[in-house]
Structures are given as structure tokens and as C-alpha cells.
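What follows is a short report on a single structure.
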Amino acid sequence: MQPKITKLEKSRIEIEGEIPEAEFKTFETKAIEHLLANFEMPGFRKGKVPVDVFRKQIGDMPILEEMAELAMAKHYPEILESEKIDAIGRPEIMITKLAKDNPLGFKIRTAVLPELTLPDYKKIATEAFSKEVKAEVTEKEVDDAILEFRKMRAHQELHKDDTSESHEHNHPELTEEALPPFDDTFAQAVGNFKTADELKEKIRENILLEKKNKEEEKKRIAAVEKIIDGVKVDVPEILIEAELNKMFHRMESDISNMGLNMDDYLKHVKKTKESLREEWRKDAERRAILELTLNKIAQVENITVPKENIDTEVKKLMDMYKDADPLQAELYVENILRNEKVFSFLEGLK
């Protein structure tokens with residue numbers, strides 16, 4: 001069997017071929033067993049109807065249809081492997097010829113991993129990550145952080161005897177006089193600090209580190225955006241839809257965590273699920289391109305994640321989400337860890 005493979009639009013292909021009559025015939029016994037197992041007929045126990053009586057009762061077509069299903073379940077993966085096709089998603093299988101004592105004709109349409117042309121990602125990453133991060137901390141920022149720290153300690157002190165979980169702010173606005181002084185005693189009470197100056201310096205360091213991290217994140221985003229802009233790829237519809245589903249599920253989760261109902265929220269913002277998906281479509285396509293790009297760079301640079309690292313993180317995930325599918329959890333973790341290694345590789349080019 002040599003299938004004919006035709007490229008379609010949007011990274012889809014059509015596979016057309018026939019399974020020879022002799023090969024197709026080998027699925028008959030198993031097809032009859034499957035159908036007979038749940039077949040009921042007066043005068044016989046369920047699944048115990050004689051084959052000749054069973055065949056006469058239901059005719060040829062149901063058996064042929066079951067044979068076709070079994071045959072395609074076996075041959076489709078074999079075609080993908082022999083033709084080196086990277087199929088994604090559920091295939092659309094059409095039977096074009098189905099008759100007794102004949103070969104089985106079929107057409108299969110499926111999305112495939114698209115051909116992707118990368119820009120000079122090393123040059124882009126080097127330019128982006130080589131830029132020096134500039135971050136400064138003003139005295140006002142330090143003073144504001146200290147003020148918030150003092151308010152937090154005062155609030156904790158007011159509610160130290162509160163056994164409820166709400167910790168409502170059932171007290172007047174805290175004034176400067178009601179706040180604990182920022183002195184050595186305060187510093188020693190909040191952590192391993194001897195003086196207020198030590199604590200103040202630590203606060204300054206933390207603000208600076210946070211600013212630098214934000215600047216580094218901006219560099220990462222800028223590099224990724226520029227790489228994506230230079231990628232040439234025809235994104236399969238199935239990948240765009242998958243990203244839209246992720247975005248929608250995330251939104252539903254966020255709304256649920258706020259104690260809101262999704263339908264009520266949509267009415268409030270005068271949107272529908274369909275209109276939101278349309279609004280998000282371009283963003284979803286870029287997210288799909290990002291995943292494809294990171295996957296391609298990982299292939300080119302031979303970036304992989306050790307199995308023990310994946311197993312460790314999967315265990316943590318399964319401990320948190322007992323009902324999660326182990327295989328999906330492993331794929332998710334591997335994807336996250338691999339992407340992070342790709343980012344680290346790009347950042348290391350500076």
C-alpha cells in the first residue's frame with residue numbers, strides 16, 4: 001500500500017489510499033467478535049448468537065463498517081510512521097470504498113506540525129540580552145516601602161487576637177501616630193537584623209532586585225517578540241484553537257476564584273464566548289507561533305530535559321492535583337522545563 005499524500009492549506013495534508021482486499025479481510029473475525037459481544041436476539045444469551053445466524057440477521061454492511069474502523073486504527077499510525085508524518089490532533093477519516101470482497105478505500109485529512117523557518121535567533125537574542133540593565137532606587141521608594149511595612153505590622157498587632165479567617169479592617173485608618181516607629185527594635189522584631197539601617201538597606205536591595213528582574217523580563221519579551229516577528233510559518237488551525245481554549249479556561253478559573261459566574265460576567269461586559277475568542281485570535285496565534293518556535297530552537301540546538309527532572313516536577317504536580325492525567329501532566333511539565341532551558345540558552349548568548 002503506497003498512499004498518495006497531498007499538501008493542503010494551513011499545514012494540513014490529505015492521505016489517500018487503499019488497503020488491499022486480502023489485508024482488509026483479516027479484520028473480519030475481530031469485527032464480528034466485537035459486534036457479537038453486545039448482540040441480543042430472542043432465544044439466545046447475549047453474545048452467544050451463532051455467527052451464521054448473526055450475519056444473516058444484521059447483513060454485511062455493519063460488519064464491513066466495523067472492519068474499516070479496526071483497519072484504520074491499525075494502519076493510520078503505521079502510515080504516519082512509514083511516511084514520517086508529524087500529525088497533530090484528531091484526523092478526519094473518510095471511507096471512499098467499502099464493499100464485500102473489495103479493497104478498503106480511504107482519505108484522511110489531518111493537521112501536521114508546520115514547516116517553520118527561523119530568523120537569526122542567535123543574533124536577535126545576543127543584541128537583546130547584551131543591553132545593560134539600568135535600575136535605580138529612590139529614597140521615596142524606600143520610604144514608601146518602609147511605611148507599608150509599618151502599616152502591615154500595625155495591622156498584624158491589631159488582629160493578633162482575632163481567631164476568624166476574615167481579618168476585616170474594622171478599625172479607623174491607621175495614622176502615623178498609630179504606627180510602630182522604624183527603629184532598631186522594629187528591625188529586630190521582623191527578622192535577623194540588628195539595626196533599622198540594616199533592614200532599610202535590605203529593603204533597598206529587594207526593590208532594586210525586583211526592578212532588575214522586571215527589566216530582564218522586558219528584555220526576554222522583546223527578544224521573543226522580535227524572533228516571532230521573523231518566523232515564517234503557516235499555523236495549523238488546531239493549534240490556534242488549543243491556545244484559545246487555554247486562554248478561555250484560564251479566564252474561567254480566574255473569574256471563578258473571584259466568586260463570580262462566567263455567564264454573569266459575560267453579560268456584565270456585554271460579550272459572548274464567541275466574540276472573546278475572536279478578539280483573542282491574533283494573540284492566540286502568536287502564542288502558538290511562540291510554542292512552535294521554542295520547539296524548533298530546542299530541536300536545532302539539541303536542548304532536552306533530563307527524565308529525572310521531569311519526574312520530580314510531575315510528582316509535585318500530581319500531589320497538588322490528584323485527579324490530573326499523568327500523561328498530560330508529564331507533557332505539560334516537559335514543555336515548561338524545555339521552554340525555560342531554551343530561554344536560558346538564548347540569554348546565555350549575550
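Enumerate the residues in region 111-127 having an amide nitrogen under 11 Å from the point lying 7 Å beyond the Cα of LEU8 toward its Cβ. Once the point is set 7 Å along Cα→Cβ of LEU8, 111-112 turn out to lie under 11 Å by backbone N, inside region 111-127. Using a probe radius of 1.4 angstrom, the carbon and sulfur fraction of the accessible surface of the chain is 51%.
Each Lys and Arg contributes +1 and each Asp and Glu -1, all at the Cβ; summed about the Cα centre of the chain, the dipole is approximately 1280 debye. Note on the chain: Rg/Rh from C-alpha atoms, Kirkwood Rh, equals 1.14. What is the angle, in °, between the Cα long axis of helix 326-347 and the longest principal axis of the Cα atoms in the chain? Nearest 10 is fine, range 0 to 90. Compared with the principal axis, the helix lies near 50 degrees. What is the angle, in °, between the Cα long axis of helix 237-257 and the longest principal axis of the Cα atoms in the chain? Nearest 10 is fine, range 0 to 90. Tilt of helix 237-257: around 50 degrees.
Any idea what the relative contact order of the chain is, in percent, if you count C-alpha pairs under 8 Å spaced at least 6 apart? For the chain, the relative contact order is 17 percent. Excluding ligands, DNA and RNA, the accessible surface per residue across the chain is 66 Å² with a 1.4 Å probe. Full extension of the chain segment joining SER344 with GLU241 gains 34.2 nm, where the gain is 0.36 nm per residue of separation less the Cα-Cα distance. One Cα centroid belongs to region 1-38, the other to region 60-129; the line between them spans 11 Å.
Report the FRET efficiency, 1/(1 + (r/R0)^6), for ALA189 and GLU215, where r is their Cβ-Cβ distance and R0 is 30 Å, rounded to 0.05. Intermediate results must be reported in sequence, preceding the final value.
Numbers: r = 33 Å, r/R0 = 1.10.
After rounding to 0.05, the efficiency reads 0.35.
Considering Cα pairs under 8 angstrom that are at least six residues apart, work out the relative contact order of region 241-350 and quote it in whole percent.
So the answer I get is 24 percent.
Of the trypsin sites (Lys or Arg not before Pro) found in region 73-159, the ones in coil according to DSSP and having at most 16 other Cβ atoms within 10 Å of their Cβ are LYS84, LYS100, LYS131, LYS134. Under the simplified labelling scheme, the LEU147-ILE93 pair shows an inter-label distance of 6.9 nm, with each label point 7 Å from Cα along Cα→Cβ. Take the Cα of LYS307, step 7 Å toward its Cβ, do the same at ILE58, and the gap between the two points is 4.2 nm.
In a fully extended conformation the segment linking LYS123 and HIS159 would gain 7.4 nm over its present Cα-Cα distance, using 0.36 nm per residue. Where the centre of each part is set by its Cα atoms, how far does region 212-289 sit from region 293-350, in angstrom? Each part reduced to its Cα centre gives a spacing of 21 Å.
The values are calculated or read from the model by the stated rules, or taken from the named source; none is laboratory data. All values reported here derive from a predicted model rather than from experimental measurement. Because the Cβ atoms are built from the backbone with ideal geometry, glycine has one as well, and the counts that use them run over all protein chains shown. Accessible surface is based on the protein model in full, side chains and every heavy atom, while ligands, DNA and RNA are left aside. Shrake-Rupley method; radii C 1.70, N 1.55, O 1.52, S 1.80 Å.
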